[in-house]
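Here the structure comes first, spelled out in structure tokens, and everything after it is commentary.
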Amino acid sequence: MGMAVAAPDLEPVPPFSPSPPYRAWLRANILPYALISPSVLVIAGILAFPLGMLVWLSLQHYGLRELIHHAGDWVGLDNYRAILVDPLFHQVIVRSLLFTFACVALTVVLSTLIALLLLKVRSAVRILVMSSLVFVWATPVIVSVDIWQWMFDYEFGVINYLLTQLHLGNFIHHNWFDNPVQGLGVLVVVVVWGAIPFVTITVFAGLLQVPNEVIDAAKVDGASAWHTFWYVTAPLLKPIFLIVTCLSTIWDFGVFNQIYVMLNQRPSSDYFTIAIYSYRESFGVTQYGLGAAIAVLMVLVLVFVTFFYVRETVKVAEIA
Amino acid sequence: MIAPGTAQGIRSGRARAATEVNLQVHVRQRVTQVLYDAIGVGVAVVMLFPIYWMVATSFKPGRDILTLVPKWFPAPFTLQNFQDAIARPFFLDDVKNSLLVVGVMLALALAISFLAAVATARFGFKGRTAFLVMIIGVQMVPLNALIIPLYLMLDSVGQTDALPGVIAVYLAVVLPFMVWTLRGFVANIPAELEESAMIDGCTRVGAFLRITFPLVGPGLVATAIFGFIQAWNEYIVAYVLLSSPGNQTLTVWLASFTTNHGPEWGPLMAAATLTGLPVVAFFLILQRYLAGGLTAGAVKG
């Protein structure tokens, strides 16, 4: 860029123009818009318009009769009022938040530990761990849910056998999903197992960027391994921790597939997270207006998370 | 024995102590290294075991699957589970549907996203930044939240339980990511290459087709694989929009396997293996491009 600015002072070079001016004007003013128009149309029509329609729906009574007539009854904020006084919704919100917190915390901590371990192991072991992560990453979610369902089967599941053999208690014919706390624990395992590869590989890539001199300097100054990590490595990796935490929060708060398929597409209300609750209200009991209002609240929570992420990222960028 | 107090005694004593300390440090380092490696192997085993268990179960005969003490290896080996899974009603229909949906969607997505990638990488125009911000922003919208309006929209035009509706939704889901990634690939190819081809007598379109298009090939492949994986794995949209069993995609078939037929783990694990196989294969191909991209960045930076 600097070169281009300096060039006219040296010698006047005629501007390179392979086509007549009219076509150049056309190229600059029409062509780019023509090129992006299909993308804009698809995104506006199939993502932006439904998002607006979701908000519109949440302000209407929209049941089976309205579905047949393709027109809802305007009820203002009634759906939101109904939800906010619904004790089931309070449980759902608390459950979703706790589930998200457990999943995100475990994912980030375990992934960071594995990423740090990858720096220490010999290269053959590193390749082994990396390949295992890639295989897990590549496993489709529905496939992984089927696998874990089989491993946690109450009768012939390998997990019950292993836990009993390890003398951690008698798990023979133990049904994990009788007790929702245990069942949700199993679902945390499923979600975290699937989430570890992406976060580990991202954090590991970040760790490789930390200059060795900084770590060595800390060691020379007598910092312990923990202090080196907490006061030197972690602050340098803050942007990476921010993005993986933010993305994990978005994914885990909107969790649907794992819970829904794990419980054979009939989860009891003890297992409702916000996405499943919204689905149930709309497609289970055909209250599309109520379901839409719940979905709007879910999007609002995620917008808040994203906003927090963007603000923190901007802060980090300003400091750096 | 060397009498203590003599100069020689002190010296050799110090030397001995030093070698002992060296040896201790060395042994401790070795032990720590072995410990780290052991933990690493442990992590790999824990992560891989579920996948191993799926594959192992799919090759076991039924009597070896339902045992109270698990059989760790598929010792009598059988392909019966795969035959059962394929013979299951609607399996082949749903494989065909999945391939059709993903294939048509990818063809459209590649064409549309490539145009937008060229526009944003090669032209400066008013609204370019706004377009890019939109591309990043819409990726944050959770699909789970849009399923209600999408269903009602498609219902009002009679496109529920039909593949075009699903294709349209998947197109919109993968498009932002594909535009963003392809934009990076196109931007990495210097425009000067095109310009020099034009000086040598190529038309602008010719220069683009002969110079930029072949160079961006790996980018198109990588982006297509990302789109393939996302669409192939998608569940909730297909589940809500496609209601009749012959019209569904593979993930919906797989998820309803246990509900319809009770837990028949052998065929289920065989079907799961078959569903995961193309994704794993494509992922391994993608790894090469990812690694290539990383090294390219390293050389430049």
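What follows draws every value from the coordinates through simple rules; no lab data is involved. Because the structure is predicted, anything quoted here is derived from the model rather than measured. We place every Cβ from the backbone using ideal geometry, glycine too, and count neighbours over all the protein chains shown.
Overview of results
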read-out	value
Rg over Rh [alpha-carbon atoms, Kirkwood Rh] for region A:87-319	1.03
Under Karplus coefficients 6.51, -1.76 and 1.60, residue-wise ³J(HN,Hα) of region A:222-228 in Hz, glycine/proline x	x, 6, 6, 4, 5, 4, 4
Distant-in-sequence amide H partners of A:Gln60 (H built 1.01 Å from N, under 5 Å)	A:Val75
Estimated dipole of chain B in Debye, rounded to 20 [Cβ of Lys and Arg +1, of Asp and Glu -1, Cα centre]	1240 debye
Extension gain (nm, one decimal) between A:Ala24 and A:Val220, 0.36 nm per residue minus Cα-Cα	64.4 nm
Cβ neighbours within 10 Å from other chains - mean over A:279-291	2
Selected from A:Leu54, A:Ile172, A:Val40, residue furthest toward positive end of dipole (chain A; charges at beta carbon)	A:Val40
Additional length obtainable on full extension of the chain from B:Ala111 to B:Leu193, 0.36 nm per residue less Cα span	27.3 nm
Whole-angstrom gap from region B:177-195 to region A:22-56, using each part's C-alpha centre	20 Å
Within 10 Å of each Cβ in A:123-133, the average number of Cβ atoms from other chains	5
Stokes-Einstein diffusion coefficient of region A:64-117, Kirkwood radius over Cα pairs, 25 °C, 0.890 mPa s, in µm²/s	165 µm²/s
Furthest towards positive pole of dipole, B:Leu286, A:Met262, B:Ala145, structure part the protein assembly as shown, Cβ charges	B:Leu286
Order of A:Thr273, B:Thr129 under a 10 Å beta carbon neighbour criterion, fewest first	B:Thr129, A:Thr273
Kirkwood-Stokes translational diffusion coefficient of region B:7-65, alpha-carbon pairs, 37 °C, 0.692 mPa s, µm²/s	209 µm²/s
Given charges at Cβ of Lys, Arg, Asp, Glu: region B:89-255 dipole, positive-most of B:Met134, B:Val186, B:Ser196	B:Ser196
Peptide B:104-116 - average C-beta neighbours from other chains (10 Å radius)	3
Student exercise, the protein assembly as shown dipole from Lys, Arg, Asp, Glu Cβ charges, in Debye to nearest 20	1460 debye
Lys, Arg +1 and Asp, Glu -1 on Cβ, resulting dipole of region A:192-320 about Cα centre, debye, nearest 20	280 debye
Theoretical FRET efficiency, 1/(1+(r/R0)^6), r = Cβ-Cβ of B:Ala281 and A:Leu162, R0 25 Å, to 0.05	0.25
